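Take a look at the structure below.
Please treat every number below as a calculation from the coordinates, not as lab data. Predicted model only: the values in this text are computed from it and were never measured. All Cβ positions, glycine included, derive from the backbone under ideal geometry; neighbour counts span all protein chains shown.
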Amino acid sequence: MYKDKSFISTFYKLLILLLTSFGLLTNTVFAYSNLYTTSINDSDNYSTIKYEKNLQFIDDTIKNVKTVDSIALPKTNSNMAFDYPVYYDAEDSLLFDFVRQKAYLYGNAIVIYESINLTADFIEMDFNTNEVYAYGIEDSLGNVNGKPLFTDNEENFEADTIRYNFRSKKGIIKEVTSEF
């Protein structure tokens, strides 16, 4: 009945594969069961080693230095520092140029310093020289809008351009109109 040799060789191959798989499975199960059932008895004699720490304190290698810090710079009055706060604002935009230490105010700009009030369509603030430069901007028809208006206490000046130094309290005004 089983005279076909290919059937017999296939049967033996399957039988060997089945027995090998069964052997591996049972071996694995027994190995894990032994792992979890092993206990540590109190009678086990393990030697314990006592470590004693012998600490020796050594002087710090960094000496206590009583000199002034080489990085700290003495505080000096900067030419850029204003004596009083400067308030400024613009309707359109503010642009800061940190390299040149300048601020550009566009569109109905205003700068207030002490009793001085300056408004214009464009104001350039130079923090290095403590100066402001203001002028109006031409529209598409050539009309100048937002001419600078300089107010100091009770005095009002309207001009085409105004350059004013906050430190020296002097300025240059071109094409001025004033009220007395």
Legend entry - Net dipole in debye of region 105-180 [+1 Lys, Arg Cβ; -1 Asp, Glu Cβ; about Cα centre; nearest 20]: 280
Legend entry - Under Karplus coefficients 6.51, -1.76 and 1.60, residue-wise ³J(HN,Hα) of region 144-152 in Hz, glycine/proline x: 8, 10, x, 4, x, 10, 9, 10, 10
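Quick check: from the Cα gyration tensor, does region 83-180 come out rounded (a/c under 1.5), prolate or oblate?
On the way: a/c = 1.74, a/b = 1.08, b/c = 1.61.
Oblate, because a/c is 1.5 or more while a/b does not exceed b/c.
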